[in-house]
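All of the numbers you see were taken from the coordinates with simple rules; none came from a lab. Values in this document were obtained by computation on a predicted structure and should not be read as measured data. Cβ atoms come from the backbone with ideal geometry, glycine included; neighbour counts cover every protein chain shown.
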Amino acid sequence: MLLGGELKKSLKHSLFSFIALLAVVSLEAPALASFSQQNVNIFSEEIEFLWEDDPIGLSIFLERTEERLPRFENSFKQSSVNLDVHWTLIAAISYQESHWNPKAISDTGVRGMMMLTQKTAKEMGIKKRTNAEQSILGGANYFQKNLNRLPKEIPKLDKIWMALAGYNLGFVNISLARELTLKNGGNPNLWSDVSIYLTKILIERYANETNEFEKHVQAIEYVKRIQLYYQTLSILNREKEMLLLAVN
């Protein structure tokens, strides 16, 4: 594991690795060098700020964006073609679920890149959950299904966070939380309000089932972790897009 100065070196190495790859094949190395000097430190600082409470987690995440993500990136992009979200969100969900391990399996029997249950896989037309492409497509479509079930008047980001919680908990808990939020004078279209009453719903429904309760109350943290991965992947993706502009 990397800490302190070593972690910063690792982060900058990850950002520079893509630059180095382009430099080998590009005739525009001067423009590339100019870009790297002006921007890599900014990207690095943005990411370090997001992860300031979890430097070890950042080290692991960056290693896996280099070692695992490239193998599945096209599948994430293909899965999001007809979705209302960017492919980096689907990749972020997958990292939270399996750390981009297509053979991942939990104690409860969910498995694959997107950790689908047998029921969800069947519903999404997925025959083999440990097939990375099938799992990613099934998970992406299931997420979009949750997104579509939420009212159109909900702001997009709030809608995404609610759909994520529904992906993890089951949509019924989100519906109940929105109803309770409205009943108590909160705004059922804001995730910040709904998340408060979601905890109350989970206590009410699962407090007598220790294992179920522990699993479900982690949903708020689940959404926060995906937000973190999504923001980080968005920064890294923005870096790549700017680099490509610099060499064209």
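Placing a pseudo-label 7 Å from each Cα along the Cα-to-Cβ vector at residue 82 and residue 231 gives an inter-label distance of 3.3 nm. The gain in end-to-end length when the residue 221 to residue 108 segment is fully stretched comes to 38.7 nm, 0.36 nm per residue minus the alpha carbon separation.
Quick one: compute the contact order of the stretch 68-149, relative version, from alpha carbon pairs under 8 angstrom and 6+ residues apart, as a percent. It rounds to 27 percent for the stretch 68-149. Residues 224, 145 in ascending order of nearby Cβ atoms (within 10 Å, fewest first): 224, 145. Once both labels are positioned 7 Å from their Cα atoms along Cα-to-Cβ, the gap between residue 156 and residue 204 label points is 3.3 nm. Backbone amide hydrogens, once placed in the peptide plane, bring residue 116 within less than 5 Å of 111, excluding anything fewer than 5 places away on its chain.
So for the stretch 68-149, Kirkwood radius off the Cα pairs, Stokes-Einstein at 20 °C and 1.002 mPa s: how many µm² s⁻¹?
Working: Rh = 12.2 Å.
Using the Kirkwood radius from Cα pairs, D works out to 176 µm²/s.
Subtracting the Cα-Cα distance of residue 45 and residue 99 from their residue separation scaled by 0.36 nm leaves 17.1 nm.
Sort 103, 159 by Cβ crowding within 10 Å, fewest neighbours at the top. It would help to have the intermediate numbers written out before the result.
Values: 103 10, 159 21.
Least crowded to most crowded, the residues run 103, 159.
Exposure proxy shown here: for 223, 81, the number of other Cβ atoms within 10 Å sets the order, fewest to most, as 81, 223.
Contact order for the stretch 96-206, expressed relative to its length and based on alpha carbon pairs under 8 Å spaced 6+ residues apart, stands at 15 percent. For the residue pairs 152/224; 77/159; 103/200; 127/152; 128/152, alpha carbon separations beyond 29 Å are given by 103/200; 127/152; 128/152. Note on residue 118 and residue 64: their simple-model spin labels are 2.7 nm apart, each label 7 Å out from Cα toward Cβ.
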